[in-house]
Amino acid sequence: MAKNITARAENFPQWYQDVIAAGELADHSPVKGCMVIRPTGYAIWEAMQATLDRTFKETGHVNAYFPLLIPESFITKEAEHVEGFAPELAVVTHAGGKELEENLVIRPTSETIIGHMYAKWIKSYRDLPLLINQWANVMRWELRTRLFLRTTEFLWQEGHTAHETYEEAQGETLKMLQVYQDFLQEVCAIPVIAGAKPEHEKFPGARDTYTVEALMQDNKALQIATSHNLGQNFAKAFEIKYLSRDNQLEYAWTTSWGCTTRMIGGVIMVHGDDDGLIIPPKLAPTQVVIVPIFKRAEEREQVYEHAEKIKAKLGQVLGKLRVSLDSRDDLRPSDKFFHWVQRGVPLRIEVGPMDVKKQSGMTVRRDNRAKEPVSLEVMAERIPAILAEIQAGLYQTALDRREAHSVQVESYAEFKEVLAQGGGLIYAHWDGTRETAQQIQEETKATIRCIPTHVPAEEGVCMISGKPSEQRVLFAQSY
RNA sequence: CUGGAUAUAGCUCAGACUGGUAGAGCGCUUGCUUCGGGAGCAAGAGGCCGCAGGUUCAAAUCCUGUUAUCCAGACCA
């Protein structure tokens, strides 16, 4: 049991903070609500970026960069957009030693500046679709912050596309939602539920907002990524017009979609245990760490020679950067074990004099602590297989946990009972009105996470108002 | 912004009621012994007690003000 980490059962929020501190993922900045992402944490973000960036490009998108500062007047052009973001904008009023003619806002998101540029670039249907992504930081002045989950400044990617038709924009919106879903499930080993946000939870200015939601170990839901069909709202606000195939001047249909460093928080809260972080192998910057063990000087030499051999062999199949040999001589093996356990490295290989003799290594899985001696001969096959088992096991464990904490309820009393018993994902009928959703939120702190796509249509009545409902929606307390 | 709490070593905190040379544990440094799941001993380094005033021969301690942080609410990826 780790001494520096509070048990999950004792205090989950404290556990979360302890894991981040112990794993050296991030630290607090002197500026309230801002976060320093430390090398170990940033490496996870880089791994996420690498996979997603490739997928974005494979689906036809290109990267560009739009500026941090946006004229304040841009934000006010789309009515819902300004209403949604006004409370959390950071505004630059002075620069170069004097007051600015027009205030600049630090981007909370880039729909407006990109809309402005798209209006310049799009003239004809031949310019469409326009499919651009950017990796950037954004700033939203949050009142209460938590590392990775909600910070004043955070890193993300935002895709912004423009299309000829509603259908094409809708296709793009759902395609990118699927990209997120696949990434989260296959790489991050986080099972997610995809669906649409209800009217009152939509992105400010969006026609429709879609989301992927995941269940954390404390039974709260986390929105991990979103994809918006913006309709023609931003096109109209920013005059993104093009001449169509039949020579008509038309407004373009736009989308935007994004995911953030919050995903790191999701990985921590879905997979971590009381000893700290557990990173799924496909995501892990370091997949395998080799820890040498020896007493005498002559042992040291043999052990290192053997360890280097293992490192080289695994480097060939896993990639050199994903295998690490902990050659720090000032730490004892047991200290190194904990060092890497707390950083979530999925597999450790202990290499001592006994392993030199047997030409093998003792593997120890991070997820279930299982030990297995693996001979050098079969390492190139067996280690990737173990990593695959870990990856699959983490997903299955998370999925089982989610299913164990997913329930259908028929009445509001039942609904409250589930929350009182520890919560989870609750599928219930809802009449579609904001008033009902608000009442539920005020009384239980649970919100509608999404209208899930995997749930079939089903006649029913709202558990509050008794009015007809066509489908169950997903409720949960959330971050 | 509204309630409640707290500011003393890198971290967690004691000391304050009853004013009198700044403390502990962990961490850090050095040395020796250890080393297959967080080691032991020894010697060290490290603090304008959040900040500004006041009372006093004397303030971490008493008084006033101020700032910041944490928890709970309103907002949110």
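The long axis of helix A:111-121 is offset from the longest Cα principal axis of chain A by roughly 70 degrees. Eigenvalues of the alpha-carbon gyration tensor of segment A:283-338, scaled by 5 and square-rooted, set the equivalent ellipsoid semi-axes at 21, 14, 6 angstrom, largest first. Of A:LYS197/A:LYS220; A:LYS3/A:LYS282; A:LYS282/A:LYS313; A:LYS175/A:LYS241, which pairs sit farther than 22 Å apart, going by alpha carbon to alpha carbon? Beyond 22 Å: A:LYS3/A:LYS282; A:LYS175/A:LYS241.
Using only Cα atoms, what Kirkwood radius does chain A have, in angstroms? Can you show the working numbers first?
On the way: mean 1/r = 0.0406 Å⁻¹.
Taking every pair of different Cα atoms in chain A, averaging 1/r and inverting gives 24.6 Å.
Listed by chain and number, the aspartates and glutamates whose alpha-carbon sits under 16 Å from that of A:LYS32, ignoring those within fewer than 8 places in the same chain, are A:GLU88, A:GLU142, A:GLU153.
For A:TYR65 and A:ALA86, what is the calculated FRET efficiency with R₀ set at 30 Å and r taken between the beta-carbons, to the nearest 0.05? List each step's numbers first, then the result.
Numbers: r = 25 Å, r/R0 = 0.84.
The pair A:TYR65/A:ALA86 has a calculated efficiency of 0.75.
Under 5 Å between amide hydrogens, built in the peptide plane, is the criterion, and for A:GLY460 it picks out A:SER469 among residues at least 5 positions away or on other chains.
A helix-only calculation puts chain A at -11000 deg cm²/dmol for mean residue ellipticity at 222 nm, using -39500 (n - 2.57) for each DSSP H run of at least four residues, averaged over all residues. Between A:LEU277 and residues 5 or more places away or on another chain, which pairs have amide H atoms under 5 Å apart, with H built 1.01 Å from N, and which residues are they? Long-range HN contacts for A:LEU277: A:GLY344.
Per residue, the accessible area of chain A comes to 45 Å², computed with a 1.4 Å probe over protein heavy atoms only. Taking the Cβ of A:PHE74 as the centre, find all other residues whose Cβ is under 13 Å away and add up their charges (Lys, Arg: +1; Asp, Glu: -1). In short, -3. For segment A:262-276, putting each phi into the Karplus relation 6.51 cos²θ - 1.76 cosθ + 1.60 with θ = phi - 60° gives couplings of 4, 4, 5, x, x, 4, 4, 7, 8, 9, x, 10, 5, 9, x Hz, in residue order, rounded to whole numbers and with x for Gly and Pro. Sorted largest first, the principal axis extents computed over the alpha-carbon atoms of segment A:12-271 equal 61, 49, 32 Å. Within chain A, the longest segment free of exposed loop sites, counting trypsin sites (Lys or Arg not before Pro) that fall outside DSSP classes H, G, I, E and B and have at most 16 other Cβ atoms within 10 Å, spans A:145-244. Out of every Cα pair in segment A:372-451, what percent are spaced more than 21 Å from each other? Cα-Cα pairs of segment A:372-451 separated by over 21 Å account for 50 percent.
Here the dipole of segment A:127-238 is about 500 debye; that uses its Cα centre as origin and unit charges on the Cβ of Lys and Arg (positive) and Asp and Glu (negative). Note on chain A: dipole from Cβ charges, positive end direction compared against A:PRO456, A:MET263, A:ALA385; the farthest Cα belongs to A:ALA385.
Placing +1 on the Cβ of every Lys and Arg and -1 on the Cβ of every Asp and Glu, with no other charges, gives segment A:12-271 a dipole of roughly 220 debye about its Cα centre. Using only side-chain charges placed at the Cβ, +1 for Lys and Arg and -1 for Asp and Glu, the dipole size of chain A relative to its Cα centre rounds to 1360 debye. Among the aspartates and glutamates, select those whose C-alpha is under 14 Å from the C-alpha of A:LYS467, and discard any that sit fewer than 8 residues away in the same chain. Within the straight-line cut-off, A:LYS467 pairs with A:GLU410, A:ASP431, A:GLU435, A:GLU458, A:GLU459. Taking a straight Cα-Cα cut-off under 17 Å and skipping sequence neighbours fewer than 8 places away in the same chain, the lysines within cross-link reach of A:LYS236 are A:LYS77, A:LYS120, A:LYS123. Relative contact order of segment A:12-271, please, whole-number percent, based on alpha carbon pairs below 8 angstrom and at least 6 residues apart. It comes to 20 percent, rounded to a whole number. Rg of the Cα atoms in segment A:288-386, relative to 2.2 N^0.38 Å, amounts to 0.97. Summarising the amide proton neighbourhood of A:GLN477: residues at separation of 5 or more, or on other chains, whose placed amide H is nearer than 5 Å comprise A:ALA221, A:GLY424, A:THR447. Bridges between two residues of chain A, per DSSP, are antiparallel at a rate of about 85%. Give me the distance between the Cα centres of segment A:172-192 and segment A:51-127, rounded to whole Å. For segment A:172-192 versus segment A:51-127, the Cα centre distance is 25 Å. Relative to the longest principal axis of the Cα atoms of chain A, helix A:379-404 runs at roughly 50 degrees.
For a modelled paramagnetic label at A:SER411, 7 Å from Cα along Cα-to-Cβ, the residues of segment A:434-470 in reach, with backbone nitrogen under 17 Å, are A:461-467. Ordering A:VAL364, A:GLN396, A:SER406 by the projection of their Cα atoms onto the charge dipole of segment A:289-441, which places +1 on the Cβ of Lys and Arg and -1 on the Cβ of Asp and Glu, puts A:VAL364 at the extreme positive end.
How tilted is helix A:166-182 with respect to the longest principal axis of chain A? Cα atoms for both, answer in degrees (0 to 90, nearest 10). Value to nearest ten degrees: 20.
Apolar share of the accessible surface for chain A: 51 percent from carbon plus sulfur atoms, 1.4 Å probe. Please compute the contact order of chain A in relative form: average sequence separation of alpha-carbon pairs under 8 Å and at least six residues apart, divided by the residue count, as a percent. Reported relative contact order: 14 percent. Relative contact order of segment A:405-465: what whole-number percent is it, with Cα pairs under 8 angstrom and at least 6 residues apart? The normalised contact order for segment A:405-465 reaches 39 percent.
The values are calculated or read from the model by the stated rules, or taken from the named source; none is laboratory data. Values in this document were obtained by computation on a predicted structure and should not be read as measured data. Every residue, glycine among them, receives a Cβ derived from its backbone with ideal geometry; neighbour counts consider all protein chains shown. To get the accessible areas, we keep the full protein, side chains included, count just its heavy atoms, and leave off ligands, DNA and RNA. Shrake-Rupley method; radii C 1.70, N 1.55, O 1.52, S 1.80 Å.
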